[in-house]
Amino acid sequence: MSQSQTENTPAPPVPGGPKLWLLRHGETEWSRSGQYTGLTDMPLTEAGEAQARSAQAAVSDVDFDLVLTSPLQRAHLTATLAGFPAAEVEPNAVEWDYGDYEGINSAVVRAENPGYLIWDNGVPNGETLEEVAARADRIVARVRAVQRADGTPANILLVAHGHFLRILTARWLGLPAGEGRHFVLGTAKVCTLGWDKKTPAVEQWGL
């Protein structure tokens, strides 16, 4: 499938199908300072660990059929502290590979290039937006395939990363990946992607 096809053809929706809950990992030193944090395996700060524990309140009453986590420790530990130590590692859920911008403060990049937007300009020697979207589409397809024997909608939780979850949200809605720019997501915030009858929708954002 070409990149243009990937950009415009998300996984087919299942009306009234599963709900996907999103949890961004807690704070790290680099998320606090504004440095691009892609595949660098940063630990949570003490504040980030506290955020992860606090997120448990938003998800503790949900009967999850599947809990997935990025393999990176900041997400995996967030899942554990939020009450899901047995979360299944999903390799497609890693953060955007920022290439040459890894560890660089985004303010420095914009100072050197005032017109720069990652959504439009991408990153040198890293993943393209289309490549990240293709990973997100694979997770959307996996989630939409989950069915309960009794026919009620399944609940799936995904613990992952800021840019990746924003791109995945756009793809869930059937939008181009670049529309993820409109979904600001703070550390350890919880969101729910579901349905408005037959239409994929954002049910709640940033709890």
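Values quoted throughout were computed directly from the atomic coordinates according to the rules given, and no laboratory measurement underlies them. Bear in mind the structure is a predicted one, so any value in this text is a computation, not a measurement. Neighbour counts run over all protein chains shown; Cβ positions are idealised from the backbone, glycine included.
Worth a mention:
- Extension gain for residue 73 to residue 120 (0.36 nm times residue separation, less C-alpha to C-alpha distance): 14.0 nm.
- Structural descriptor for the chain: relative contact order 34 percent, calculated from alpha carbon pairs under 8 angstrom and at least 6 residues apart.
- Added length on full extension, which subtracts the Cα-Cα distance from 0.36 nm per residue, residue 47 to residue 64: 3.5 nm
- Stretch in the chain that is longest and holds no trypsin sites (Lys or Arg not before Pro) that DSSP places in a loop and that have at most 11 other beta carbons within 10 Å: 1-196
- Beta bridges from DSSP with both residues in the chain: antiparallel share about 45 percent, rounded to the nearest 5.
- Placing pseudo-labels 7 Å out from each Cα toward the beta carbon at residue 182 and residue 152 gives an inter-label distance of 3.3 nm.
- Proxy reagent accessibility, fewest Cβ within 10 Å first, across 37, 152, 78, 128: 152, 128, 37, 78
- Contour excess over end-to-end distance, with Cα ends at residue 205 and residue 111 and 0.36 nm allotted per residue: 30.8 nm
- Calculated P(r) of segment 117-207 - Cα pairs past 15 Å, %: 62 percent
- Rg/Rg_ref, segment 3-204, where Rg_ref = 2.2 N^0.38 Å and atoms are Cα: 0.99
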